[in-house]
1. Do we find a residue being of a type in the set (D, E, K, R), surrounded by 14 or more Cβ atoms within 10 Å (Cβ to Cβ), under 13 Å from the mean Cα position of the chain (by Cα) and in a helix (DSSP H, G or I) anywhere in the range 74-88?
2. Identify, please: which residue in the range 27-59 is assigned to a helix (DSSP H, G or I) and charged (D, E, K, R) and is, among those, farthest from the chain's Cα centre (by Cα)?
3. Which of (1) in contact with a Phe, Trp or Tyr (Cβ under 9 Å, 6 or more places away or on another chain); (2) at pLDDT below 95 does G105 not meet, given it meets every other one?
4. Can you confirm whether V117 is free of Cβ contacts under 8 Å to residues at least 12 places away in the same chain, among the β-branched types (V, I, T) and assigned to a helix (DSSP H, G or I)?
5. Output the residue which, of all residues in the range 106-128 that are of a type in the set (G, A, S) and under 27 Å from E53 (Cα atoms), is surrounded by the most Cβ atoms within 10 Å (Cβ to Cβ).
6. Among S49, S73, which is the only one that is in contact (Cβ under 8 Å) with a residue 40 or more places away in the chain, of a type in the set (S, T, Y) and within 24 Å of A107 (Cα to Cα)?
7. Of the conditions (1) closer than 30 Å to R22 by Cβ; (2) not in a helix (DSSP H, G or I), G105 fails just one. Which one is it?
8. Just wondering, is there one or more residues in the range 44-59 that are of a type in the set (S, T, Y), surrounded by 11 or more Cβ atoms within 10 Å (Cβ to Cβ) and out of contact with any Asp or Glu (no Cβ under 8 Å at 6 or more places or on another chain)?
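The values are calculated or read from the model by the stated rules, or taken from the named source; none is laboratory data. The structure displayed is predicted, hence computed values, not measured ones. All Cβ positions, even for glycine, are placed from backbone atoms using ideal geometry, and neighbour counts span all protein chains on display.
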Amino acid sequence: MTRWLDDDEQNTWRAFLAASQRVQEELDRQLQRDSGMPHAYYAVLVKLSEAPERMMRMSELAAEVNSSQSRLSHAVKRLEERGWVRREPCAADKRVSWAILTGQGLAVLTAAAPGHVEAVRQAVFDRLTPGQLRQLTEICAAILAKPDPGLPT
(Lines give C-alpha, C1' and ligand atoms only; values in the text may rest on other atoms or scores of the structure.)
Protein backbone atom coordinates (compact mmCIF):
# COMPACT_ATOMS: atom_id res chain seq x y z
CA MET A 1 0.00 0.00 0.00
CA THR A 2 1.39 3.40 -1.01
CA ARG A 3 1.82 5.89 1.81
CA TRP A 4 0.92 9.08 -0.07
CA LEU A 5 2.14 12.43 1.24
CA ASP A 6 -0.49 14.48 3.00
CA ASP A 7 -0.80 18.19 2.19
CA ASP A 8 1.67 19.30 4.88
CA GLU A 9 4.22 16.69 3.82
CA GLN A 10 3.78 17.61 0.16
CA ASN A 11 4.30 21.31 0.95
CA THR A 12 7.38 20.52 3.05
CA TRP A 13 8.83 18.26 0.36
CA ARG A 14 8.35 20.82 -2.38
CA ALA A 15 9.80 23.60 -0.21
CA PHE A 16 12.83 21.43 0.59
CA LEU A 17 13.44 20.69 -3.10
CA ALA A 18 13.02 24.33 -4.12
CA ALA A 19 15.29 25.61 -1.33
CA SER A 20 17.97 23.00 -2.09
CA GLN A 21 17.89 23.81 -5.79
CA ARG A 22 18.03 27.56 -5.17
CA VAL A 23 21.08 27.27 -2.90
CA GLN A 24 22.85 25.01 -5.42
CA GLU A 25 22.06 27.41 -8.27
CA GLU A 26 23.24 30.46 -6.31
CA LEU A 27 26.52 28.76 -5.38
CA ASP A 28 27.04 27.48 -8.91
CA ARG A 29 26.39 30.95 -10.40
CA GLN A 30 28.84 32.59 -7.99
CA LEU A 31 31.60 30.07 -8.67
CA GLN A 32 31.09 30.23 -12.44
CA ARG A 33 31.12 34.03 -12.38
CA ASP A 34 34.04 34.54 -10.02
CA SER A 35 36.20 31.44 -10.58
CA GLY A 36 35.12 29.93 -13.89
CA MET A 37 34.13 26.57 -12.44
CA PRO A 38 30.91 24.82 -11.49
CA HIS A 39 30.16 23.96 -7.88
CA ALA A 40 30.80 20.25 -8.61
CA TYR A 41 34.42 21.01 -9.58
CA TYR A 42 34.87 23.13 -6.46
CA ALA A 43 33.64 20.22 -4.32
CA VAL A 44 36.22 17.90 -5.92
CA LEU A 45 39.03 20.39 -5.29
CA VAL A 46 37.94 20.84 -1.66
CA LYS A 47 37.85 17.09 -0.97
CA LEU A 48 41.29 16.62 -2.51
CA SER A 49 42.70 19.58 -0.56
CA GLU A 50 41.54 17.98 2.70
CA ALA A 51 42.89 14.50 1.89
CA PRO A 52 46.29 13.26 3.08
CA GLU A 53 48.92 14.25 0.52
CA ARG A 54 46.07 15.94 -1.43
CA MET A 55 45.18 12.63 -3.11
CA MET A 56 42.29 10.17 -3.05
CA ARG A 57 41.25 7.02 -4.82
CA MET A 58 38.80 7.91 -7.56
CA SER A 59 36.16 5.57 -6.08
CA GLU A 60 36.50 7.17 -2.64
CA LEU A 61 36.39 10.66 -4.14
CA ALA A 62 33.20 9.79 -6.04
CA ALA A 63 31.55 8.71 -2.79
CA GLU A 64 32.77 11.80 -0.95
CA VAL A 65 31.33 14.21 -3.53
CA ASN A 66 28.17 12.11 -3.92
CA SER A 67 28.83 11.39 -7.59
CA SER A 68 28.77 8.40 -9.88
CA GLN A 69 32.15 7.07 -10.97
CA SER A 70 31.49 8.07 -14.59
CA ARG A 71 30.40 11.61 -13.70
CA LEU A 72 33.44 12.04 -11.46
CA SER A 73 35.72 10.69 -14.18
CA HIS A 74 34.35 13.30 -16.59
CA ALA A 75 34.84 16.09 -14.01
CA VAL A 76 38.40 14.98 -13.23
CA LYS A 77 39.18 14.89 -16.96
CA ARG A 78 38.10 18.55 -17.21
CA LEU A 79 40.12 19.43 -14.09
CA GLU A 80 43.15 17.67 -15.60
CA GLU A 81 42.77 19.74 -18.79
CA ARG A 82 42.97 22.87 -16.63
CA GLY A 83 46.04 21.56 -14.80
CA TRP A 84 44.26 21.53 -11.43
CA VAL A 85 44.22 17.77 -10.90
CA ARG A 86 46.23 14.86 -12.21
CA ARG A 87 45.46 11.17 -12.26
CA GLU A 88 47.93 8.43 -11.49
CA PRO A 89 47.54 4.66 -11.49
CA CYS A 90 48.11 2.91 -8.19
CA ALA A 91 51.40 0.98 -8.27
CA ALA A 92 50.04 -1.72 -5.93
CA ASP A 93 46.66 -2.22 -7.65
CA LYS A 94 46.28 -1.47 -11.36
CA ARG A 95 42.48 -1.30 -10.95
CA VAL A 96 42.85 1.80 -8.76
CA SER A 97 43.46 5.36 -9.94
CA TRP A 98 44.43 8.26 -7.74
CA ALA A 99 43.19 11.81 -8.19
CA ILE A 100 45.82 14.29 -7.02
CA LEU A 101 45.36 18.02 -6.46
CA THR A 102 48.16 19.96 -8.16
CA GLY A 103 49.79 23.11 -6.83
CA GLN A 104 47.91 25.08 -9.48
CA GLY A 105 44.63 23.46 -8.36
CA LEU A 106 45.32 24.37 -4.74
CA ALA A 107 46.05 27.97 -5.77
CA VAL A 108 42.77 28.15 -7.73
CA LEU A 109 40.87 26.71 -4.77
CA THR A 110 42.53 29.13 -2.36
CA ALA A 111 41.57 32.06 -4.59
CA ALA A 112 37.97 30.83 -5.00
CA ALA A 113 37.30 30.04 -1.33
CA PRO A 114 36.64 33.55 0.07
CA GLY A 115 33.98 34.34 -2.53
CA HIS A 116 32.41 30.93 -2.12
CA VAL A 117 32.22 31.24 1.66
CA GLU A 118 30.55 34.63 1.31
CA ALA A 119 28.06 33.14 -1.17
CA VAL A 120 27.29 30.32 1.29
CA ARG A 121 26.72 32.89 4.04
CA GLN A 122 24.37 34.91 1.83
CA ALA A 123 22.51 31.88 0.49
CA VAL A 124 22.00 30.10 3.83
CA PHE A 125 23.36 31.46 7.08
CA ASP A 126 22.36 35.11 6.71
CA ARG A 127 18.75 33.98 6.11
CA LEU A 128 18.44 31.90 9.29
CA THR A 129 18.13 32.72 12.95
CA PRO A 130 20.41 30.87 15.39
CA GLY A 131 17.45 28.67 16.35
CA GLN A 132 16.69 27.85 12.73
CA LEU A 133 20.34 27.01 12.17
CA ARG A 134 20.25 24.50 15.06
CA GLN A 135 17.04 23.01 13.64
CA LEU A 136 18.56 22.73 10.17
CA THR A 137 21.61 20.98 11.61
CA GLU A 138 19.37 18.50 13.46
CA ILE A 139 17.21 17.92 10.37
CA CYS A 140 20.22 17.27 8.15
CA ALA A 141 21.73 14.91 10.74
CA ALA A 142 18.46 12.95 10.91
CA ILE A 143 18.27 12.66 7.10
CA LEU A 144 21.91 11.58 6.87
CA ALA A 145 21.77 9.16 9.83
CA LYS A 146 20.50 6.30 7.67
CA PRO A 147 23.04 5.12 5.06
CA ASP A 148 22.26 5.73 1.39
CA PRO A 149 21.03 2.37 0.04
CA GLY A 150 22.57 3.20 -3.36
CA LEU A 151 26.12 3.44 -2.01
CA PRO A 152 28.37 0.45 -1.33
CA THR A 153 29.00 -0.19 2.36
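1. Of the range 74-88, the ones of a type in the set (D, E, K, R) are 77-78, 80-82, 86-88.
This time we only want the ones that are surrounded by 14 or more Cβ atoms within 10 Å (Cβ to Cβ), so: 78, 80, 82, 86-87.
Pick out the ones that are also under 13 Å from the mean Cα position of the chain (by Cα) and you get none.
Checking the range 74-88: not a single residue is of a type in the set (D, E, K, R), surrounded by 14 or more Cβ atoms within 10 Å (Cβ to Cβ), under 13 Å from the mean Cα position of the chain (by Cα) and in a helix (DSSP H, G or I).
2. Here is the first cut: in the range 27-59, the ones assigned to a helix (DSSP H, G or I) are 27-35, 39-50, 52-54, 58-59.
From the residues that got through so far, the ones that are charged (D, E, K, R) too are 28-29, 33-34, 47, 50, 53-54.
Details: D28: 11, R29: 15, R33: 18, D34: 18, K47: 8, E50: 13, E53: 20, R54: 16 Å.
Per the stated criteria, the residue is E53.
3. G105 satisfies all of (1) in contact with a Phe, Trp or Tyr (Cβ under 9 Å, 6 or more places away or on another chain); (2) at pLDDT below 95 except (2).
4. On the way: free of Cβ contacts under 8 Å to residues at least 12 places away in the same chain: yes; among the β-branched types (V, I, T): yes; assigned to a helix (DSSP H, G or I): yes.
Yes: the conditions hold for V117.
5. Pass one, the range 106-128, residues of a type in the set (G, A, S): 107, 111-113, 115, 119, 123.
Imposing the further condition that a residue be under 27 Å from E53 (Cα atoms) reduces the set to 107, 111-113, 115.
On the way: A107: 11, A111: 11, A112: 20, A113: 15, G115: 14.
Filtering first and then ranking leaves A112.
6. Values: S73 fails: in contact (Cβ under 8 Å) with a residue 40 or more places away in the chain.
Unique residue meeting the criteria: S49.
7. Here G105 clears every test but (2).
8. Kept after step one, since they are of a type in the set (S, T, Y), are these residues of the range 44-59: 49, 59.
Checking the rest, the ones that are also surrounded by 11 or more Cβ atoms within 10 Å (Cβ to Cβ) come to 49, 59.
Still in the running and out of contact with any Asp or Glu (no Cβ under 8 Å at 6 or more places or on another chain): 49, 59.
Looking for residues that are of a type in the set (S, T, Y), surrounded by 11 or more Cβ atoms within 10 Å (Cβ to Cβ) and out of contact with any Asp or Glu (no Cβ under 8 Å at 6 or more places or on another chain), one finds at least one in the range 44-59, hence yes.
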